[in-house]
Amino acid sequence: MPLNFLTNLFKPKFQELNYEDYQACRSFYQTKYPELTKLLIGEDDQDVICNRNIDDPRFNTNIDKFIGFIDEMNWGDSGAGPWLLALNILYTYTNGDEEFSHKYVVEFRGDFLEKNFKESTRISAGEINKWIENKRKGERIVH
């Protein structure tokens, strides 16, 4: 019963887009939401955009999953989704510095991603770069 109910409820959306086809989903969201085009590693001059109106947690932000063990990025709590988003923001903005990303992921998540659960959010590239620069200098940032 629950599976049939869910299948019928989401059938129009599944017919519109094959959610199992990652590239098709990516193309769909990039066309519909060009501001969410995934940033490349080292592309640290663009803001991070998180769009709460998109239900697919693989495409609700312009940060791609380069490292980490799950696919779903989110924000607004202290769970695995915000952890993965924080990890990949740091990885993107540090030009792929995996050691730095893992070292500071929890702190970055706390400073930027554990609030605004029900809201879309934007983190400026300037704030992120300053945060990273201060961490590399050994300074603590308080928001």
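Read-outs: derived from the displayed coordinates by stated rules, not from any lab. All of these numbers come straight from a predicted model, not from anything done at the bench. We place every Cβ from the backbone using ideal geometry, glycine too, and count neighbours over all the protein chains shown.
Remarks
- Counting neighbouring Cβ atoms within 10 Å and putting the fewest first, the residues 100, 59 line up as 100, 59.
- For region 35-137, the direction-averaged projected area of the alpha-carbon convex hull comes to 5.5 nm².
- With θ taken as phi - 60° and the Karplus curve 6.51 cos²θ - 1.76 cosθ + 1.60 applied, the whole-hertz 3J(HN,Hα) list for region 35-42 is 5, 9, 4, 4, 6, 8, 4, x Hz, x standing for glycine and proline.
- Residues 69, 108, 117, 28 arranged by fewest to most Cβ contacts within 10 Å: 69, 117, 28, 108
- Cβ-based net charge around residue 128, under 9 Å, with every Lys or Arg adding one and every Asp or Glu removing one: -2
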